[in-house]
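Visitor: This is the structure, below, for whatever I ask next.
Please treat every number below as a calculation from the coordinates, not as lab data. These numbers were taken from a predicted model, which means no experiment stands behind them. All Cβ positions, even for glycine, are placed from backbone atoms using ideal geometry, and neighbour counts span all protein chains on display.
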Amino acid sequence: MKREHQEIGGDGGGGGGGLTGMVGGGKGKIKEEDDEGVDELLAALGYKVRSSDMADVALKMEQLEMAMGSNAGAAPDDSLIAHLASDTVHYNPSDLSTWLETMLSELNTPPPPLPPAPADRHLSYDLPPAPAPAVSVQSSIFDTIAPAESSTITTVDFSAPPPPSARPVTGPRVSYGPTETPSDLTGTRERKRMRSSSASSSSSRGGGVAGIGSVNTTTTEASSISPAAPGPTVVIVDSQEAGIRLVHALMACADAVQQDNMKAADALLKQISVLAASQGGAMRKVASYFAQALAGRIYRIHPQQDCSLDSAFSDILQMHFYETCPYLKFAHFTANQAILEAFAGRRRVHVIDFSMKQGMQWPALLQALALRPGGPPSFRLTGIGPPQPDNTDALQQVGLKLAQFAETIHIDFEYHGFVANSLADLEPYMLDPNRTGGTVAGADEEPEAIAVNSIFDLHRLLASPGAIEKVLGTVRAMRPRIVTVVEQEANHNSGPFVDRFTEALHYYSTMFDSLEGGACSGGGSGGAVESGAGQQQDQLMSEVYLGHQICNVVACEGAERTERHETLTQWRSRMVRAGFEPAHLGSNAYKQASILLEFFAGGDGYRVEERDGCLTLGWHSRPLIATSAWRLADAAAR
Amino acid sequence: MAGSNEVNANESKMAVPLNTWVLISNFKLAYNMLRRPDGTFNRHLAEFLDRKVQANATPVNGVLSFDQLIDRSTNLLVRIYRPTPIPDTEDPQTSPSPATSSIFSSLISCPSPDPFPVIIFFHGGSFAHSSANTAIYDSLCRRFVTLCNAVVVSVNYRRSPEYRYPCAYDDGFTALKWACAQPWLHSGKDSKLRVFLSGDSSGGNIAHHVAVQAIESGITISGNILLNPMFGGQARTESEERLDGKYFVTLQDRDWYWKAFLPEGADRDHPASNPFGPNGIDLRGLPYPKSLVVIAGLDLIQDWQLAFVEGLKKADQDVKLVYREQATIGFYLLPNTDHFHEVMEEIKCFVSSNC
């Protein structure tokens, strides 16, 4: 796809991004597919229908109405309606034409006789609804399993310094094998025979429902709904006057900082601390973090100490965040759903995880694959992570645990860890099975289906010019079947400092409020019941985790500012530019995510929403994270 | 009965522009899938299909919006729409993110000396569908701001069948009380809350009942604006039989929604659905607000709506009826007919003359 303008927010300079509203806004926007001729009135209400298609869409509606018997005098066809409502997977309701076609194609395949067994049986394979024990790393499953003998685990370190004789290395240097390798894990291994299945189970019932969603014309929502850049979404949860004054003072302080009026900023900081002290709950905490970050910026306290975390500590904080609130669980769950659908019918699969950390996402996927009709594929996992300061091989440890788990559920499992300072250090050849010593498919075997997964990691690349393009190019070169991306749904990367500050203030206020108000129902982990103190610690660590993000967004600039969150609309532009097209998440994923939320978080204020084929999780009316899935835009990918 | 289906499609297609037909038919189709014969509702699919928009603190066409949680115990959210604030005369260039900052400034500000109307809006959806952040209603509320130079408060009331009568009314009244307690919503030399209650379909029904409760609480409402308000009764009226299934709506679906909203075991002569029916109350002598009631001539429940207007008249209440003979339900969702434009003018006049 033609690139029409510079990378967004790629410059590491302060405040001067100045491209607010460019992406997804009016001019300068990448023309995606074909959003010309869309009926503007309907577009403003969330429906994309080309004017030239209007009559055809109307016709489809009439056909459906007739089939459903939904007019007076005709007996409604309850079984068909139930089928369309419960069994059919719906995708991207904004695209009326395709939505209708999907349902019409259901008409051609007669639905099963009533009653279908469980009301929510789906066409595609779904994740088990309550993977709680498997998901928590802290559960005892891992500790009691004997080491796997049939898995391969290797770690490749890309961050090792070059030997003195080499010139400064621009590319990574590969060194094989960690220093301590359990002897029973390396070396050649036999390829386990796949369990044979008697019947092919990969075809979905009904003609028209694509397993991963139909190819839709994608138009960026902002183009039709509003020409201006969508501003911050403000949800006021605390209406007390002191709280409002606090927010106002924080914004005034940010403004003073931008004006370089440090005297006023300093005075405001003092006012803020007084106001914050009189607050309680989420607002006080958020205000403290923002005030602290502003102070860091004002007094030029080098924020490296505060804002950057060593990766081990960061992992620990993230685990607490995982336990406290549903955001990460949602991210893993929805990404896994997309991956599961993409892997349907494939016998060899390979997941490349850019966000390996503690590997919490993978037990659930392994479990789902083990349970799928026709049996599990052979599963290869490549985990990528940063170097550890104390040289422990964290990636190795995680891989070992996952291998043990895979063994217990009889999945042929292979693991490779790659240590890299930055995702931009990766090259496609590094992940090639030939290179890493993994088992290569024989001439007759199908090639492996690859999924690339990134959870809250891609935005870091925006701190280095060219990095995101390189990484997306590398991903593309791997010819993945699916790419899953979860990112914060916020624009913390463009416009002047004050805009970024304001956006972040509203974003994190909402996020902190959800930690407070979202029933800390023990995080829902099915294993040990959390004590009150344990819950409190989880919450505190989650706040620290978020606090570091706040500090980074507010106090850092340039290469240090890695929390460069961008919105779904902006990520869509990037992905499309890089040669990907959306793979839609459907009503089945939506429903299961919603049910999971009710299970983990007691419902409360959490909301799942569908937008342009992606799913977002938010608190009340403010989406906070977005899961999207992508595949290669050229047909050859399939 | 394929023949009658074709006739129905042709009739409704002739009554509205094609894109309107597509919009309303889309809802009809989707809603048919969501209502289950056993009275339960497919809420997950409903929320998946619903097109929502986020609040936007940056003004778009002169209107900005933000959400506020006004009751934590019921998670009651309202979406507030305002005209773009006039920039701070002190230092317009350097005001921080003017729109967002002004939101917070205004929340703690004193009543404005210049009077402005506050329109509390209850979205439609037959008590079961839609939300305050549903795109069609976000769009409509924005129009009201510009039309009437008003602050609009759209209430995200609890819906049936999960929450039956009287939850929606309770939420409506909670929103009204909340508005009464906001100094920044008061205006004019007398620092009054110049509040109008409005809504379409079930929202119109809610507006009426909240107005009644307001009387009981001594709250003064400047006016009611009801667009195709949803009323019903046990009897079958002539318009219901004549128009059943002809213009997007069937008697069967109306029955379903009442059954989902009214208390278990109640029939449609319950005062909620039939306020001037056998179980209705007498409004004579009570300070019920002036009403503007808009009825679409192709709406099958118009006999009940007309009965409502009659009921108000008999109780000596001030009511203006705007009857749009050729209009269908939902005409106010798209600005592409005379019905739309002329009714908007009526609303504008009504608000300005009663503010």
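Visitor: Distance between the C-alpha centers of the stretch B:60-87 and the stretch A:394-413? Whole Å please.
Guide: 50 Å
Visitor: What does the structure give for A:581-591 when I average, per residue, the other chain Cβ atoms found within 10 Å of the residue Cβ?
Guide: Going residue by residue through A:581-591 and averaging, the value is 2.
Visitor: I'd like the orientation of helix B:135-148 relative to chain B: the angle between its Cα long axis and the longest Cα principal axis, in ° from 0 to 90, rounded to 10.
Guide: The angle comes out at about 60 degrees.
Visitor: Sticking with this one: Which of B:F350, A:F501 has the fewest other C-beta atoms within 10 Å, and how do the rest follow up to the most?
Guide: The order, fewest Cβ neighbours first, is B:F350, A:F501.
Visitor: Counting pairs of alpha carbon atoms under 8 Å apart in space and at least six apart in sequence, what relative contact order in percent does the stretch B:174-252 give?
Guide: 25 percent.
Visitor: If you don't mind, there's one more thing I want to ask. Give the lysines whose C-alpha is closer than 21 Å to that of B:K290, dropping any in the same chain fewer than 8 places away, or say none.
Guide: In chain and number order, the partners are B:K177, B:K192, B:K313, B:K314, B:K320, B:K348.
Visitor: Across peptide B:54-66, how many C-beta atoms of other chains are within 10 Å of each residue C-beta, on average?
Guide: 6
Visitor: Need one number: nm distance between label points at B:N336 and B:E216, each 7 Å from Cα along Cα→Cβ, rounded to one decimal.
Guide: Using points 7 Å along Cα→Cβ, the separation is 4.3 nm.
Visitor: State the extension gain, in nm to one decimal, for the chain segment bounded by A:L104 and A:D390, taking 0.36 nm per residue of separation less the distance between their alpha-carbons.
Guide: Computed gain between A:L104 and A:D390 is 97.0 nm.
Visitor: Taking the number of other C-beta atoms within 10 Å as the exposure measure, put A:S278, B:S239, A:S573 in order starting with the fewest.
Guide: Ascending number of Cβ neighbours within 10 Å: A:S278, B:S239, A:S573.
Visitor: If r is the Cβ-Cβ distance from A:Q397 to B:Q326 and R0 is 60 Å, what FRET efficiency results, to the nearest 0.05?
Guide: With a Förster radius of 60 Å, E is 0.25.
Visitor: Can you give the FRET efficiency for A:H410 and B:N75, using 1/(1 + (r/R0)^6), R0 = 45 Å, r = Cβ-Cβ distance, to the nearest 0.05?
Guide: The calculated FRET efficiency here is 0.50.
Visitor: Now for a different question. Relative to the longest principal axis of chain B, what angle (0 to 90°, nearest 10) does the C-alpha long axis of helix B:98-107 take?
Guide: On a 0 to 90 degree scale, this one is about 90.
Visitor: Which far-off residues, 5 or more places away or on another chain, put their amide H under 5 Å from the one on B:L76, with H placed in the peptide plane?
Guide: Distant-sequence amide H within range of B:L76: B:I70, B:D71.
Visitor: Right, something else. Taking a spot 7 Å from the Cα of B:R284 along the direction of its beta carbon, which residues of the stretch B:304-323 have an amide N less than 18 Å from it?
Guide: B:308-319
Visitor: How far is the Cα center of the stretch B:224-259 from the Cα center of the stretch A:536-585, in Å?
Guide: Taking the Cα centre of each part, the stretch B:224-259 and the stretch A:536-585 sit 49 Å apart.
Visitor: Starting from the 7 Å offset along Cα-to-Cβ, what nm value, one decimal, do you get for the label separation of A:E560 and B:E310?
Guide: Rounded to a tenth, the inter-label distance reads 7.7 nm.
Visitor: Take every residue in peptide A:606-614, count the Cβ atoms of other chains within 10 Å of its Cβ, and give the average of those counts.
Guide: What the average comes to for A:606-614 is 3.
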